[in-house]
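Written below as structure tokens is the structure these notes are about.
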Amino acid sequence: MSIFEIIMLLCFGAAWPVSIYKSYVSRTTAGKSVIFLYIVLLGYSAGIIHKLLYKPDIVTSLYILNGFMVLIDIIIYYRNRMIEAKYKSEQQTS
């Protein structure tokens, strides 16, 4: 277990709730890259797999928590995309 790995995961982890909140409240995909979110999720998944295979410790829970928050942000992205599509459809029929 590395104190630097813990600090990194805590810092990134502190940013995800803000991102989730902004995505949820804005109801738009503007400024959000779903590809970026998938890349980050892949990175956290790789960290989880590494921890489980080679060095299982309590830090694994931070990887899981951060990955879960990214997954929530991805789900909100698709919700916002549906909201935008519905709004666009309503605008075209009006």
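The values are calculated or read from the model by the stated rules, or taken from the named source; none is laboratory data. Remember, predicted model here, so these are calculated numbers, not experimental data. Quick reminder, even Gly has a Cβ in these numbers, built from the backbone with ideal geometry, and neighbours come from all protein chains shown.
Residues of the stretch 1-31 being over 24 Å from I58 (Cβ atoms) and either at pLDDT below 95 or loosely packed, with under 10 Cβ neighbours inside 10 Å (or both), which ones? V18, V25, A30, G31, listed by residue number. When you check D57 against the structure, is it charged (D, E, K, R) and closer than 26 Å to Y87 by Cβ, yes or no? It is false that D57 is charged (D, E, K, R) and closer than 26 Å to Y87 by Cβ.
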